[in-house]
Amino acid sequence: MKLAVSLTFISLTLVTLCVRADEVRKLDGGKHTGTVKSMSATEVTIGGSVSETVVPVNEIAAVVYGLEPRGLVEARAAYDAGRYTDVFAALNEIKPEQVRRDEMRTEIEFYRAMAAARLASFGSVDQKTATTAGMELNRFLTEHKNSHHFYEVNEALGDLLSVLKNPNAFRYYDVVAGAPWPDYKIRAGLLKGQAEQMHGNHAAAIKHFDAALATAATGSQAETQLHLARVGKAASLAETGSAEEAIEILNQVIAKTDEGSSEVYARAYNALGSCFRKKGATKDALLEYLKVDLLFNSVPDAHAEALYYLSQLWNEARHPERARAAAEALQQRYATSRWNKT
């Protein structure tokens, strides 16, 4: 199985490396091919000598440049998979002569800064390291104001400051809210709720989740953010003693979520696991966390959370060997995760 996955990854990597034209890859699986002509915080223009296409940033999964060095291809894949330490290893393999365009250099700076910030946000590092990561993100925003990564970097800065309990975090989430798309406004409310939730301020978190849910929006991206806001609200309700109400909300979310929405499923099942833990229903909690471990393990932070609780719950269920296996998986796959340091 591992060999098959490795061969598939190598094949995909080689295909990507052979791409000579630029590509704008979309969240819906489509793509536009040509030459990137211009970009801003809100759109990317790509095309040829005859026609051009303007793609809004909220529809973009990635912008890939022709003849990218292998290290950049691998760094992007590692970042998307949550393997942030592997991002640095891949980027360090890039030789100066392989960076043929300024756009590639910008991508390298982006992934280096973002990987450092995500390690600081989701892992366990000292404040000096986290501060350095924040400075790198700020530098990126100063030097690349027209990057299509603009809102993503603002979100990462907000997340980093939230971990550091810095009150300026919401300032960066407000930038995300200022984007011209409703799904980003919902996202900003979701991020504020999650920040309050992280520090145990569940009443404040619920207010932000409710504000997000009150935003009028349509489309698959907006619906995903709304589902995540419902999951966040349910998690805070469970923490404040309303586990039954939370379970009802979560079951509704799961019933209405598209099959491809792995993050929604992963976070919803983790939240259900939390509800059942609080009710003392160990077997039910185990089942919910197992769904994340077995079916939705492509969401790194959610999978790490599930493994952490599985390592505890299996002991309660008198299966120490399974508890050890979960703890070992957590250590091996997410050594830098905050769940591995808890």
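The values are calculated or read from the model by the stated rules, or taken from the named source; none is laboratory data. Keep in mind the model is a prediction, meaning the values are calculated, not measured. A quick note on method: Cβ atoms are made from the backbone with ideal geometry, for glycine too, and the neighbour counts reach across all protein chains shown. Quick note on the areas: whole protein, heavy atoms, side chains included, nothing else; ligands and nucleic acids left out. Shrake-Rupley method; radii C 1.70, N 1.55, O 1.52, S 1.80 Å.
Observations, loosely collected:
- Some residue of region 207-217 being in contact with a Ser or Thr (Cβ under 6 Å, 6 or more places away or on another chain) and crowded, with 17+ Cβ neighbours inside 10 Å: no
- Restricting attention to region 84-103, the residues that are open to solvent by 40 Å² or more (accessible area, probe 1.4 Å), under 13 Å from P69 (Cβ atoms) and in contact (Cβ under 8 Å) with a residue 12 or more places away in the chain total 7.
- Number of residues in region 16-39 that are assigned to a loop (DSSP other than H, G, I, E, B) and surrounded by fewer than 14 Cβ atoms within 10 Å (Cβ to Cβ): the value is 6.
- Residue pairs meeting the criteria (Cβ under 9 Å; at least 6 apart or on separate chains; first closer than 16 Å to L287 by Cβ and touching a residue at least 24 places away in the same chain (Cβ under 8 Å), in region 316-328; second open to solvent by 60 Å² or more (accessible area, probe 1.4 Å) and assigned to a helix (DSSP H, G or I)): A317/K283; A326/Q312
- The set of residues in region 220-239 being under 17 Å from E59 (Cα atoms) and touching a Phe, Trp or Tyr at 6+ places or on another chain (Cβ under 9 Å) consists of Q221, A222, Q225.
- Summed over region 103-146, the residues that are under 20 Å from T42 (Cβ atoms) and assigned to a helix (DSSP H, G or I) give a count of 10.
- Within region 274-322, tally of residues that are aliphatic (A, V, I, L, M), part of a loop (DSSP other than H, G, I, E, B) and surrounded by fewer than 16 Cβ atoms within 10 Å (Cβ to Cβ): 2
- Cross-chain or 6+ apart pairs with Cβ under 8 Å, region 289-313 first and in contact (Cβ under 8 Å) with a residue 24 or more places away in the chain, then of a type in the set (V, I, T) and outside any helix (DSSP H, G or I): V292/V299; Y308/T342
Rundown of residues vs (1) under 22 Å from E223 (Cα atoms); (2) out of contact with any helix residue (DSSP H, G or I) (no Cβ under 7 Å at 6 or more places or on another chain); (3) of a type outside the set (D, E, K, R); (4) touching a residue at least 24 places away in the same chain (Cβ under 8 Å), yes/no style:
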site: T142; (1), (2), (3), (4): no, yes, yes, no
site: S147; (1), (2), (3), (4): no, no, yes, yes
site: V153; (1), (2), (3), (4): no, no, yes, yes
site: A156; (1), (2), (3), (4): yes, no, yes, yes
site: A179; (1), (2), (3), (4): yes, no, yes, yes
site: P182; (1), (2), (3), (4): yes, no, yes, yes
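- Selected residue [under 27 Å from W339 (Cβ atoms), of a type outside the set (V, I, T) and within 19 Å of the chain's Cα centre (by Cα)] from F150, F110: F110
- Filtered residues of region 174-201 (kept if open to solvent by 50 Å² or more (accessible area, probe 1.4 Å) and more than 18 Å from R230 (Cα to Cα)): D174, G178, P180, H199
- Residue count, region 41-75 (criterion: part of a loop (DSSP other than H, G, I, E, B), under 21 Å from E109 (Cα atoms) and either open to solvent by 30 Å² or more (accessible area, probe 1.4 Å) or of a type outside the set (S, T, Y) (or both)): 6
- Verdict on A204 being open to solvent by 30 Å² or more (accessible area, probe 1.4 Å) and over 14 Å from the mean Cα position of the chain (by Cα): yes
- Looking only at residues of region 235-266 that are open to solvent by 60 Å² or more (accessible area, probe 1.4 Å) and under 20 Å from A304 (Cβ atoms), we find that the one that is nearest to the chain's Cα centre (by Cα) is E263.
- Odd one out for A217 among (1) farther than 20 Å from V153 by Cα; (2) modelled with pLDDT under 95; (3) under 18 Å from the mean Cα position of the chain (by Cα): (3)
- Every pair of residues 6+ apart whose Cβ atoms lie under 8 Å, when the first sits in region 196-210 and is without any contact (Cβ under 8 Å) to a residue 24 or more places away in the chain while the second is open to solvent by less than 60 Å² (accessible area, probe 1.4 Å) and charged (D, E, K, R): A204/E196; H208/K192; H208/E196; D210/K233
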